[in-house]
Structures are given as structure tokens and as C-alpha cells.
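Chemist: Quick one: the structure is below, questions incoming.
The values are calculated or read from the model by the stated rules, or taken from the named source; none is laboratory data. Everything quoted here is computed from the prediction, not taken from an experiment. Using ideal geometry, Cβ is built from the backbone for each residue, glycine included, and neighbour counts are taken over all protein chains shown.
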Amino acid sequence: MARIFDNLTDLIGKTPLLRLRKVTAGVEADVVAKLESFNPGGSVKDRIG
């Protein structure tokens, strides 16, 4: 079930991260993608870093 928040500011800093397991098979590192589409601010830019 989805979490429900009372205030938009409660979502700041909580953009979900997704672990990329298939892409990094055999690599000894945790590689994650930040899911900006879930960002409540509506930012259209992608961040790579």
C-alpha cells in the first residue's frame, strides 16, 4: 500500500532509489538509480553523478 503524507515538505529528501541488479551482475558494487519521476517538485532534469 502506498504511504500517504499530510504535507508536501514531508517528501523532501525521499526520492526513491532503485538497485540495478541485472545491469551490474558480477560487479562488486551497489549501483542505484534515483527515480526523479517520483520527485514531488516536478523537476524535469536528470541527474547523473
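Chemist: Against the condition of a type in the set (Lys, Arg), assigned to a loop (DSSP other than H, G, I, E, B), loosely packed, with under 10 Cβ neighbours inside 10 Å and at pLDDT 85 or above, how does LYS45 come out, does it pass?
Modeler: Considered against the rule, which asks whether it is of a type in the set (Lys, Arg), assigned to a loop (DSSP other than H, G, I, E, B), loosely packed, with under 10 Cβ neighbours inside 10 Å and at pLDDT 85 or above, LYS45 comes out as no.
Chemist: Still on this model: Out of all the residues in the range 1-40, which are at pLDDT below 85, assigned to a loop (DSSP other than H, G, I, E, B) and surrounded by 10 or more Cβ atoms within 10 Å (Cβ to Cβ)?
Modeler: PHE5, ILE12, LYS14, THR15, PRO16, THR24, LEU35, ASN39, PRO40, listed by residue number.
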